[in-house]
Amino acid sequence: MSTNTERAERELRAFARLQVRAGLLNEAEQLDEVREAVAAELPHTDPGILARAWLAAARKELLEEQAGWPATTDVDRLRAAFVECQQHGVKVLAGVEDHWAARRALEEAAGQLRGVIWFVVMDVWHAVDTPMLEVNLWHADGANAAEGDALTTSVLACLERHGLRARFDEGRIEVAALWQRRI
């Protein structure tokens with residue numbers, strides 16, 4: 001096996017692992033994503049077989065690992081905080097494709113929201129292995145929230161109430177959260 005093939009396999013296994021651990025897609029969608037990546041990177045293989053095998057291995061690993069997790073994980077705390085934010089007019093968009101999803105949500109709400117919290121899939125992937133989830137916060141008019149403004153202060157306080165340390169830094173909120181999402 002060539003070094004390039006070994007590298008591609010390693011990266012594709014890591015991609016399957018991230019898909020499972022992020023949990024943003026259902027199993028069929030995860031399979032489609034990984035199969036497509038395998039087909040692109042390892043064209044002379046059966047992408048379906050490899051994708052299913054690597055996803056199954058990632059699920060097995062996660063199931064074994066999550067048995068040792070605390071009863072309440074950072075993801076549980078994030079969910080609770082995000083529910084509270086939504087109750088107060090701040091929509092939460094988790095794992096969206098890009099900023100246009102946030103822009104559409106604000107347009108569709110037509111002034112009924114105070115703001116929107118959004119983060120992309122890669123932000124989640126980062127938080128799978130590093131306890132830091134970076135989220136964007138926009139006002140209802142689409143303007144970036146700023147340090148010290150009322151919206152930023154209320155969102156930071158909400159995160160803190162749910163046991164999450166967070167701070168505003170360079171236009172985003174950094175939440176000290178490891179993405180441990182149960183299957």
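The values are calculated or read from the model by the stated rules, or taken from the named source; none is laboratory data. Remember, it's a predicted structure, so these values are computed and weren't measured experimentally. Here Cβ is always computed from backbone atoms with ideal geometry, including for glycine, and neighbour counts include all displayed protein chains. What goes into the accessible areas is simple: the full protein's heavy atoms, side chains included, and nothing from ligands, DNA or RNA. Shrake-Rupley method; radii C 1.70, N 1.55, O 1.52, S 1.80 Å.
Selection of the stretch 111-132 for residues being under 19 Å from Leu164 (Cα atoms) and touching a Leu at 6+ places or on another chain (Cβ under 7 Å) yields Val116, Ile117, Trp118, Phe119, Asp123, Val124, Trp125, Ala127, Val128, Pro131. If you take the residues of the stretch 26-61 that are open to solvent by 60 Å² or more (accessible area, probe 1.4 Å) and not in a helix (DSSP H, G or I), which of them is nearest to Thr73 (Cα to Cα)? If we take residues in the stretch 26-61 being open to solvent by 60 Å² or more (accessible area, probe 1.4 Å) and not in a helix (DSSP H, G or I), then Asn26 is nearest to Thr73 (Cα to Cα). If the condition is being touching a residue at least 40 places away in the same chain (Cβ under 8 Å), open to solvent by 20 Å² or more (accessible area, probe 1.4 Å) and in contact with a strand residue (DSSP E or B) (Cβ under 8 Å, 6 or more places away or on another chain), then the stretch 163-183 contributes Glu174, Ala176, Trp179. Among residues of the stretch 135-162 that are closer than 16 Å to Arg114 by Cα and aromatic (Phe, Trp, Tyr), those with a beta-carbon under 7 Å from a residue that is assigned to a loop (DSSP other than H, G, I, E, B) and open to solvent by less than 10 Å² (accessible area, probe 1.4 Å) at least six positions away or on a different chain give the pairs Trp138/Ala145. Scanning the stretch 99-149 for residues that are in a helix (DSSP H, G or I), under 26 Å from Arg17 (Cα atoms) and open to solvent by less than 40 Å² (accessible area, probe 1.4 Å) yields a count of 5. State yes or no: is Ala81 touching a His at 6+ places or on another chain (Cβ under 7 Å), at negative phi, surrounded by 18 or more Cβ atoms within 10 Å (Cβ to Cβ) and at pLDDT 95 or above? For Ala81, the condition - touching a His at 6+ places or on another chain (Cβ under 7 Å), at negative phi, surrounded by 18 or more Cβ atoms within 10 Å (Cβ to Cβ) and at pLDDT 95 or above - is met. Mind checking which residues of the stretch 131-162 are of a type in the set (A, V, I, L, M) and in contact with a strand residue (DSSP E or B) (Cβ under 7 Å, 6 or more places away or on another chain)? Once the filter is applied, which keeps residues that are of a type in the set (A, V, I, L, M) and in contact with a strand residue (DSSP E or B) (Cβ under 7 Å, 6 or more places away or on another chain), the stretch 131-162 yields Met132, Leu133, Val135, Leu137, Ala140, Ala145, Leu151, Val155, Leu156, Leu159. Does Val75 count as open to solvent by less than 70 Å² (accessible area, probe 1.4 Å), in contact with a Phe, Trp or Tyr (Cβ under 9 Å, 6 or more places away or on another chain) and not in a helix (DSSP H, G or I)? Spelling it out, it is not the case that Val75 is open to solvent by less than 70 Å² (accessible area, probe 1.4 Å), in contact with a Phe, Trp or Tyr (Cβ under 9 Å, 6 or more places away or on another chain) and not in a helix (DSSP H, G or I).
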